[in-house]
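Each remark here refers to the structure printed beneath this line.
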Amino acid sequence: MIPKKFLMQTQTFLLSCFMSFIMSGAITFINLGMVDNFIQIWLHAWIVAWSIAFPTILAVFPFARNIATKIASKD
C-alpha cells in the first residue's frame, strides 16, 4: 500500500491516466475514425498525452483546489 502522505500524488497519477486515456481515445477516433491500426495509434497518443498530463496536474492541482475552496459554498 501507498502511505497516505502520497495521497495527492496517487490521485494525480490515477486522474492523469484515466483522463488522458479517455481523451486521447476520443480525439484519435474523431480525427481518424476506426482505422486498422487504431489501437496502436491510440496507445501512442495516450503515452504522449499522459507524459504531459501527469506533471501538469501535479503543478495545477493545488491552485485549482484553492480556487474551488474559495468559490465553494460555506454551508
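Taking the 0 to 90 degree range and rounding to the nearest ten, how far is the long axis of helix 38-71 tilted relative to the main principal axis of the chain, both from C-alpha atoms?
So the helix axis and the longest Cα principal axis differ by about 20 degrees.
Which of rounded, prolate or oblate describes the chain when judged by the alpha-carbon gyration tensor and an a/c cut-off of 1.5?
Working: a/c = 3.23, a/b = 1.94, b/c = 1.67.
Prolate is the answer for the chain, as a/c is 1.5 or above and a/b outweighs b/c.
Taking the Cα centroid of the stretch 1-34 and of the stretch 53-75, what is the distance between the two, rounded to the nearest whole Å?
Cα centroid of the stretch 1-34 versus Cα centroid of the stretch 53-75: 17 Å apart.
Using Cα atoms only, what is the angle between the long axis of helix 7-32 and the major principal axis of the chain, expressed in degrees (0 to 90) to the nearest 10?
Helix 7-32 sits at roughly 30 degrees to that axis.
Computed from the coordinates by the stated procedures, all read-outs in this text should not be read as laboratory data. Since the model is a prediction, treat every value here as computed from it, not as a measurement.
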